[in-house]
Structures are given as structure tokens and as C-alpha cells.
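The values are calculated or read from the model by the stated rules, or taken from the named source; none is laboratory data. These numbers come from a predicted model, not from an experiment. Here Cβ is always computed from backbone atoms with ideal geometry, including for glycine, and neighbour counts include all displayed protein chains. Surface accessibility is based on the protein's heavy atoms, side chains included, excluding ligands, DNA and RNA. Shrake-Rupley method; radii C 1.70, N 1.55, O 1.52, S 1.80 Å.
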Amino acid sequence: QVQLVESGGGLVQPGGSLRLSCAASGFIFSMYRMSWYRQAPGKERELVATITSDGYGNYADSVKGRFTISRDNAKNTVYLQMTSLKPEDTDVYYCNTRLSTGDFWGQGTQVTGSS
């Protein structure tokens with residue numbers, strides 16, 4: 001079955017960097033667009049970045065220039081490199097893919113800003 005497993009979250013100081021990973025299985029990874037979303041308590045989940053099967057990335061305005069999405073099709077893994085982190089980037093980050101059978105999500109990884 002389809003599985004998405006995120007890792008790499010943690011505590012980070014403002015201005016710091018973090019790299020999230022999402023290991024995918026159960027589908028032909030190289031054929032599908034992958035996305036990162038984030039969600040704060042009490043708020044709706046928002047799209048952070050998307051990468052096409054060809055490796056082209058698109059970003060929310062709030063992270064443009066600071067975050068970079070990439071993929072390694074040989075490892076069935078999508079990454080989110082986050083730099084210049086701000087307190088408002090503190091959220092649970094989710095990996096997502098949309099297949100013909102529906103939307104699939106990982107369990108999420110927490111990114112927390114520290115002072």
C-alpha cells in the first residue's frame with residue numbers, strides 16, 4: 001500500500017536551517033508530483049511546495065527564496081530544505097501525493113522554532 005514517512009523535524013533557532021525527508025513506497029514514485037504541506041494548531045493545512053515528476057518546484061509566497069523542494073527518484077524520497085527559518089514556520093509538516101486512487105499523506109513531522 002502507499003506509504004509516506006516524513007523525518008527530519010526538530011527544534012531550530014530563528015535563522016537556522018533544517019532538511020525534511022519523505023520516503024515513499026507503494027507506487028511508482030518517479031511518475032508523480034509530490035508536495036509538502038504544513039499545519040498549525042487550529043489552522044487549515046497549507047501548501048508549502050510542490051515538485052513535478054520532472055523536478056520543477058513551485059512554492060508558497062511565504063517560503064519562496066528560503067525553502068527548496070527536491071527529489072531523488074532512485075531513493076523514492078522527496079526533500080524540503082528550509083533555511084532562514086522564522087517563528088511562523090513552526091508547524092507540523094506533511095508529505096503528500098495525489099494518485100488516481102486519492103490523496104495520500106504522511107504522519108507529519110514537527111518543526112518547532114526555539115528562542
- Among residues of the stretch 38-54 being over 13 Å from the mean Cα position of the chain (by Cα) and open to solvent by 70 Å² or more (accessible area, probe 1.4 Å), the residue modelled with the lowest pLDDT is Pro41
- Could you list, in sequence order, all residues of the stretch 103-115 that are surrounded by fewer than 20 Cβ atoms within 10 Å (Cβ to Cβ) and either at positive phi or out of contact with any Pro (no Cβ under 9 Å at 6 or more places or on another chain) (or both)? Asp103, Phe104, Trp105, Gln107, Gly108, Gln110, Thr112
- Answer yes or no: is there a residue in the stretch 64-77 that is surrounded by fewer than 16 Cβ atoms within 10 Å (Cβ to Cβ) and in contact (Cβ under 8 Å) with a residue 24 or more places away in the chain. yes
- Is at least one residue of the stretch 5-15 in contact with a Leu (Cβ under 7 Å, 6 or more places away or on another chain), open to solvent by 50 Å² or more (accessible area, probe 1.4 Å) and modelled with pLDDT under 95? yes
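If we scan the stretch 55-63, do we find a residue that is out of contact with any helix residue (DSSP H, G or I) (no Cβ under 9 Å at 6 or more places or on another chain) and crowded, with 19+ Cβ neighbours inside 10 Å?
no
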- Query: Considering only the stretch 77-115, how many residues are part of a loop (DSSP other than H, G, I, E, B), at pLDDT below 95 and under 14 Å from the mean Cα position of the chain (by Cα)?
  - Reply: 1
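Considering only the stretch 84-102, state which residues are of a type in the set (D, E, K, R) and open to solvent by less than 50 Å² (accessible area, probe 1.4 Å).
Asp89, Asp91
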